[in-house]
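S.K.: Mind having a look at this structure? Questions to follow.
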Amino acid sequence: MAKIVVFDSGLGSLSIIKEIQKIGKNDIIYFADQKNYPYGVKSQAQLSTIIKKTIN
């Protein structure tokens, strides 16, 4: 069983999680980061900082 982390700034990734579940048994960790919404306008450096702060 694989551990898969889905990290998103909203709820749009729920459809991705449904597709992952079709593949087989996986341990899915879902984190909806609405505090930093939206991710699409942030730089890679900003996203890296956000993710590192969240997982620490």
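The values are calculated or read from the model by the stated rules, or taken from the named source; none is laboratory data. All of these numbers come straight from a predicted model, not from anything done at the bench. Every residue, glycine among them, receives a Cβ derived from its backbone with ideal geometry; neighbour counts consider all protein chains shown.
S.K.: Would you please name the residue that is modelled with the highest pLDDT, looking only at residues in region 26-52 that are farther than 19 Å from ILE4 by Cα and charged (D, E, K, R)?
M.R.: Across region 26-52, the extreme among qualifying residues is LYS42.
S.K.: Same structure, new question: Take TYR39 and tell me if it is more than 9 Å from the chain's Cα centre (by Cα), under 17 Å from LYS52 (Cα atoms) and among the hydroxyl-bearing types (Ser, Thr, Tyr).
M.R.: Taking the combined requirement at face value, the residue satisfies it.
Let's see how each residue does on (1) among the β-branched types (Val, Ile, Thr); (2) on the phi > 0 side of the Ramachandran plot; (3) surrounded by 12 or more Cβ atoms within 10 Å (Cβ to Cβ); (4) outside any loop (DSSP other than H, G, I, E, B):
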{"position": "ILE17", "(1), (2), (3), (4)": "yes, no, yes, yes"}
{"position": "ASP27", "(1), (2), (3), (4)": "no, no, no, yes"}
{"position": "LYS35", "(1), (2), (3), (4)": "no, no, no, yes"}
{"position": "PRO38", "(1), (2), (3), (4)": "no, no, no, no"}
{"position": "LYS42", "(1), (2), (3), (4)": "no, no, yes, no"}
{"position": "LEU47", "(1), (2), (3), (4)": "no, no, yes, yes"}
